[in-house]
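Reading through the structure tokens given below for one structure.
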Amino acid sequence: MSIVRVAIPVPVPQLFDYTCDHAVPTDVGRCVRVRFGRRIETGIVVELPATSDIAPARLRPVEQILRDTPAMSADWLALTRFVARYYHAPVGEVMALALPPELRRATTVDIRDDDPLLALTPAGHTALNEGGRPSRARRHLAALVEAGPTRKSVARQWPDGDATADLLRRQWVYPAAPANPALTPPKLPTLTDEQSAVLDAITTAKPGFFPVLLQGVTGAGKTEVYLRLAERSLALGKTVLMMVPEIALTPQFESRITERFPHARIVSLHSGAGDMARSRGFLRALEGDADIVLGTRLSVFTPLPRLGLIIVDEEHDPSYKQQEGVRYSARDVAVWRAHHQAVPIVLGTATPSLESWRHATDGRYRHLRLTKRAVAAQMPTVRLIDTRRAKLDGGLSKPLIEAIGQRLARKEQSLIFLNRRGFAPVLACPSCEWVSACPHCAANRVVHLNDRRLRCHHCGFDSPIPIACPDCGEQDLQPLGRGTQKLEVHLTERFPEARVLRVDRDVARSRGDWLALLAKIHAGEADILVGTQMMAKGHDFERLTLVGVVGADAALYASDFRAPERLFQQLMQVGGRAGRAHLAGEVLIQTEFGDHPLFQCLKRQDADAFARLALDERRQAGFPPFTFQAMLGADAPQLEDAIAFLQRARDDAMTDLPAALMLYDPVPMRMHRLARRERAQLLVESTERAALQQFLGVWVPRLYRLPAGRELRWRVDVDPLDV
Ligand code: ADP
Ligand code: ZN
Ligand code: ZN
């Protein structure tokens, strides 16, 4: 009888010993089913210890060891253990997070070769992304992508008909085995000098870890650089991990990759793919059967035995940081992984995060640049419109209205960017103090006129818009402020001849809705787009030549010290949508603070000047990246309980606090109430990362033993984004 040490997804920082018949060293990394308390959990064997601290008689046997499924590799175990260590999260929870859904449920996943993955051809992608009512074949195709693109999964859904044969006949899919010469890769564009220089710098580097910040203006052709790098890696028989913030929003990106590498085995891991598809993709990768893994945040945990290169596109994007559960930064984990597996990593962006920019200027990362757009068009011109003096008409200044009018006359598209959905952010009573507060959160409910509801954007609570003030009976309730719905209404009235299309999460609820909207825009079926940040990312709309920015000032003086960085990145990105093809683009930003350095940098589209400036401010204020932070957060039904727990945690730390550490007082969070829970935080800071890590390593395990009410929950967030 041998002992196995198992990581189980439970919120305690330890491993658990079980007995197991005939466990052998190759069982390390295997999924097991074990009894934990009264439940059965899926865990992973991480060690075969010779002895246990628990008396042999008290050890329970594992219920089942999954030998049909390959064991997780040593690299993968090292990666997840690093994440648990660095983010001070229970290793069992990290491993559960890193496993795909079917393995987490310990379902057997079949990846036998008689059922090869099917991949979409470019025509298949086009068919999938087409708007309008889907035909029967397109429904098959969509279901295929959803279910896990194999012959069998299609056969299961349509046992009688031969749906797969139909899709193959239409050349929408092909068996993704390497030996399918039916498709020819497209003709490659000639690289620009800048692109060639970047490629040379990366490909001539010594083998091994080589971190690169690829800073390229919007439209500079960063993707083309990624593709060439990937091509080279594939030729060497290596796997490429390509990470993007949100695949669902940028189907173009995925199409470009499948189109360029018709013979490669591409595994696409994102929430749009079904559970089985993700699990199969993961196992394919584990078996070394993937050439390109394309995915969002979670894909950083894909096992990759032949890893040759990591690419992180839009490295500054906050969605790389998980904001719940294990709060890891996929970008930072990717850098660790590249280092651990000794491969190059390319962090691409037009607007680097201050962290990466600093590493690049320090020389820790190689700083490579693309300063010009790849195709003919120039960078768009940026103009600031002073709204202190201008009279606004429905929130729009005269120059912006005129600019939209010109685009309409020239049959070009305009995009008005307002990062606030709904009709108005609050409904207020003019006669008393009543506002549409959410009863469960420290936030106002937003007016949604389309379905006539007040809705909380934090917890989802909603109710019909009242016809009179619930407190005083006043009938003339006023929507205050402006959201995308209001702007849409106004633009429709102002330009009755134009087709106005709103693009935000209320319209694009599903991936299907979103793809249909994109198709509509590409087909030129809209003249004026009103959009939130969904519209900011990576899109290429040929006839879009004007971007108007309204309502951006609020972020300038927000209490979050990262707000200006986000605002700058967002406005550079959304501005980058203008004039991508051969038509010149223009960006008009309405602001009361035109002299603010942020807007001055935007006007010059100078990401470096902004980074220097923002870093100077951070240095003076003692903020990251010049200090390192961790946040202990606690929530409970009563604020006192959350604060009291944090105070105990603080007292506990103060008994032997190292000199390099600073602990602030527990305070309520900025949004102190969310979904009926009161939230508080305790900030821990140090000028040295190692000192912070060492402290957390001692302190966090002790937190599990502090007295806390049953209803209290706490968590540690290392390198928090929201402070
Ligand atoms: P980025 O990702 O840097 O914003 P993209 O890679 O999307 O830019 O490139 C912008 C556009 O330029 C795309 O339509 C792309 O096909 C085109 N492009 C990129 N490199 C070249 C090149 N060397 N020659 C011609 N067109 C190019
Ligand atoms: Zn009232
Ligand atoms: Zn709420």
Which value at 222 nm does the chain reach when only helices count, each DSSP H run of 4 or more adding -39,500 (n - 2.57), with the total divided by all residues and rounded to the nearest 500 deg cm²/dmol? -9500 deg cm²/dmol
Going residue by residue through the stretch 526-534, the Karplus relation 6.51 cos²θ - 1.76 cosθ + 1.60 with θ = phi - 60° gives ³J(HN,Hα) values, rounded to whole Hz and with x marking Gly or Pro, of 9, 9, 10, 9, 10, x, 8, 4, 3
Rounded to a whole %, the carbon-and-sulfur portion of the accessible area of the chain at a 1.4 Å probe is 51
Given the peptides 478-489, 502-513, arrange them by the average over their residues of other C-beta atoms within 10 Å, most packed first. 478-489, 502-513
Using a simple charge model, +1 on the beta-carbon of Lys and Arg, -1 on the beta-carbon of Asp and Glu, nothing else, what dipole does the chain show about its Cα centre, in debye to the nearest 20? 840
Theoretical FRET efficiency, 1/(1+(r/R0)^6), r = Cβ-Cβ of SER2 and HIS340, R0 22 Å, to 0.05: 0.15
I want to check the label-to-label distance for ASP462 and HIS596. Put each point 7 Å from Cα in the C-beta direction and report it in nm to one decimal. 3.0
Ordering of 47-53, 316-322, 465-471, 225-231 by packing [mean C-beta count within 10 Å, highest first]: 225-231, 316-322, 465-471, 47-53
Mean accessible surface per residue for the chain, computed with a 1.4 Å probe while every protein chain stays in place, in Å²: 44
So, in nm, how far is label ARG702 from label ALA581 when the simple model puts each one 7 Å beyond its Cα toward the Cβ? 6.4
Which of PRO70, ALA57, LEU97 sits farthest toward the positive end of the charge dipole of the stretch 21-101, with +1 on the Cβ of Lys and Arg and -1 on the Cβ of Asp and Glu? ALA57
Taking the Cβ-Cβ separation of ALA660 and ARG58 as r and a Förster radius of 35 Å, what is the calculated FRET efficiency to the nearest 0.05? 0.25
Given H placed 1.01 Å from N in the peptide plane, which residues other than close sequence neighbours of ALA428 have an amide H under 5 Å from its amide H? GLN478, LEU480
Along the stretch 465-482, Karplus-curve 3J(HN,Hα) (6.51, -1.76, 1.60; θ = phi - 60°) to the nearest Hz, with x for Gly and Pro, reads 5, x, 7, 9, 4, x, 8, 10, x, 3, 9, 9, 5, 10, x, 9, x, 9
Can you say what percent of the DSSP beta bridges in the chain, counting only those with both residues inside, are antiparallel? Round to 5. 50
Where a ≥ b ≥ c are root eigenvalues of the Cα gyration tensor, a/c under 1.5 meaning rounded, otherwise prolate if a/b exceeds b/c and oblate otherwise, the stretch 483-528 counts as oblate
Applying a 10 Å radius around every beta-carbon, put 643-653, 330-340, 201-211 in order of their mean neighbour count, most first. 330-340, 643-653, 201-211
For the stretch 38-52, Karplus couplings with θ = phi - 60° (6.51, -1.76, 1.60), whole Hz, Gly/Pro x: 9, 9, 9, 10, 9, x, 10, 6, 10, 7, 10, x, 6, 9, 10
Among GLN475, LEU517, ALA563, the residue whose Cα sits farthest towards the positive end of the charge dipole of the stretch 465-565, when +1 is placed on the Cβ of each Lys and Arg and -1 on the Cβ of each Asp and Glu, is LEU517
One checks the Cα atoms of the stretch 572-723 and finds Rg and Dmax, in Å, of 20.9, 66
Give me log10 I(q)/I(0) at q = 0.12, 0.19 Å⁻¹ for the stretch 2-104, Debye formula, one equal scatterer per alpha-carbon, no solvent. -0.34, -0.90
Amide H partners (placed H, <5 Å) of ASN444, local residues excluded: CYS438
The percentage of Cα-Cα pairs in the stretch 268-392 separated by more than 21 Å is 54
Taking amide H positions as placed 1.01 Å from N in the peptide plane, with prolines and chain starts having none, which residues 5 or more places from VAL46, or on another chain, fall under 5 Å of its amide H? ARG5, VAL6, ALA7, GLY29
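The values are calculated or read from the model by the stated rules, or taken from the named source; none is laboratory data. As the structure is a computational prediction, the values presented were derived from the model and not from experiment. Note that we place each Cβ from the backbone using ideal geometry, even for glycine, and neighbour counts take in every protein chain shown. Accessible surface is based on the protein model in full, side chains and every heavy atom, while ligands, DNA and RNA are left aside. Shrake-Rupley method; radii C 1.70, N 1.55, O 1.52, S 1.80 Å.
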